[in-house]
1. Pairs under 9 Å by beta carbon, first residue touching a residue at least 40 places away in the same chain (Cβ under 8 Å) and of a type in the set (A, V, I, L, M, F, W, C) in the stretch 340-353, partner open to solvent by 10 Å² or more (accessible area, probe 1.4 Å) and not in a strand (DSSP E or B), six or more apart or different chains?
2. Out of all the residues in the stretch 126-134, is one or more under 29 Å from THR267 (Cβ atoms) and either in a strand (DSSP E or B) or of a type in the set (Phe, Trp, Tyr) (or both)?
3. Tell me which strands (runs of 3 or more DSSP E) are completely within the stretch 29-125 and hold 3 or more residues being open to solvent by less than 10 Å² (accessible area, probe 1.4 Å) and over 27 Å from SER289 (Cβ atoms), or say none if there are none.
4. Scan the stretch 1-28 residue by residue and report those that are of a type in the set (S, T, N, Q), closer than 22 Å to THR125 by Cβ and not in a loop (DSSP other than H, G, I, E, B).
5. Does at least one position in the stretch 139-146 carry a residue that is outside any loop (DSSP other than H, G, I, E, B) and modelled with pLDDT under 90?
6. For the stretch 217-326, give me every one of the strands (runs of 3 or more DSSP E) that falls completely inside it and has 2 or more residues that are crowded, with 21+ Cβ neighbours inside 10 Å.
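The values are calculated or read from the model by the stated rules, or taken from the named source; none is laboratory data. These numbers were taken from a predicted model, which means no experiment stands behind them. Cβ placement follows ideal geometry from the backbone for every residue including glycine, while neighbour counts extend to all protein chains displayed. Accessible surface areas use protein heavy atoms only, side chains included; no ligands, DNA or RNA. Shrake-Rupley method; radii C 1.70, N 1.55, O 1.52, S 1.80 Å.
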Amino acid sequence: MNIIFAAFGLFILYMIQKKLYQRNWNKNLNVTMAYSKETAVEGEEAALVEVLVNDKKLPLPALTVKFQTSSRLSFLNSENSSVTDLYYRSDIFSFNGREKITRTLPFTCTRRGYYTITQMALSCTDLLYIEKLTEIRDNFTQLYVYPRYVDIRRLLIPFNQLYGAILSKRRYFEDPFEFRGMREYQPFDSMRRVNWKAFARTGELKVNVYEDTSSQEVCIYLNLENNGYVNHYDIMEENIRLGATLSDMFISKGIPVSLKTNGCDCTSKLPVQVDAGTGAGHQTRLLQSLARIDLELPVRHLSEQIQKDLELGGQIPYIIYITNYCHDDMIKAVNAMARANDSFQMIYTYHRDMQDSFQVSPEILNKTMFWEVEHID
């Protein structure tokens, strides 16, 4: 009889703790997961920071946190994880009441991209490790991994040539949004340029001075079409790096840069296009757009975009065309672009065994720069 009463008592205790955990295990349980920074460059190191707070007296003997992210983020600690097309991780924590745990998971950004963690799965057991309780929680954190810049020494001579050609065509005017400083008022200055706050402080008339900018725009056409049966992702990644490097070099000189590519955004699935602009903020927008390009998505011929732009007419910018694709439709479009605009430069990217496949008219050849890309095994 005593055994029966003891068993019944244990059953009652089990049911009480079971109901207690069912109702309260996830109350005042805060779990956040965030990348240690919002931006990085391919090859850099960053970390994923998990912060867990059990802000109640009820202990949690075994709390499991599961999440997934891109396998292109190479985590240093591979315990409790598996890698396929994604990186899957499952960490177990043991909590006392009123306890906070912070765990940092370092990783290397092996590839350019846009990475997010949007959800995590939580599961917990009761005190007897019998009952399993689960919950899915939203958790948004994002990381832009920008393309790294190419070796500037390889670009310096052609860039100086391009920059010199652009300078010969540009018309300067003052940009009212790029404040440079103040100077003494001169009789020919407009009163609209007087800095009245400075006059109130000093009693002297001073006028605002703005940075010079240029009406000459550079448009970078970035072709990310596959050149054959084999997807040369290493070459296309180099194309993206060239676009990022050149945009930074021109923007640092105050020259507006726009971007047109047939590479598609990983979220919208649409081709990426960035209107002309200058300044650090515009370069950030360009880098974010380049980071979000997904080379696995299907692309259209960039020659279609070129044809549309030629039909629109209007003021034609200085064009830099970056491509590893050299089929007939591209060659025809490039020849038409060069005939319509003498401000044109093409950068052809290739592996050493591919150069012979490139055929272009003699008048374009002197405007073509060949950029060899090393094979990546």
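1. As it stands, the answer is ILE347/PRO158, since those pairs meet every condition given.
2. Within the stretch 126-134 (the criterion being under 29 Å from THR267 (Cβ atoms) and either in a strand (DSSP E or B) or of a type in the set (Phe, Trp, Tyr) (or both)), the answer is yes, since at least one residue qualifies.
3. In the stretch 29-125, the matching strands (runs of 3 or more DSSP E) lie at 45-54, 60-70, 86-95, 113-125.
4. Across the stretch 1-28, the qualifying residues are GLN17, GLN22, ASN24.
5. Checked against the condition, which is being outside any loop (DSSP other than H, G, I, E, B) and modelled with pLDDT under 90, the stretch 139-146 yields no hits at all.
6. In the stretch 217-326, 218-222, 257-265, 318-323 are the strands (runs of 3 or more DSSP E) which contain 2 or more residues that are crowded, with 21+ Cβ neighbours inside 10 Å.
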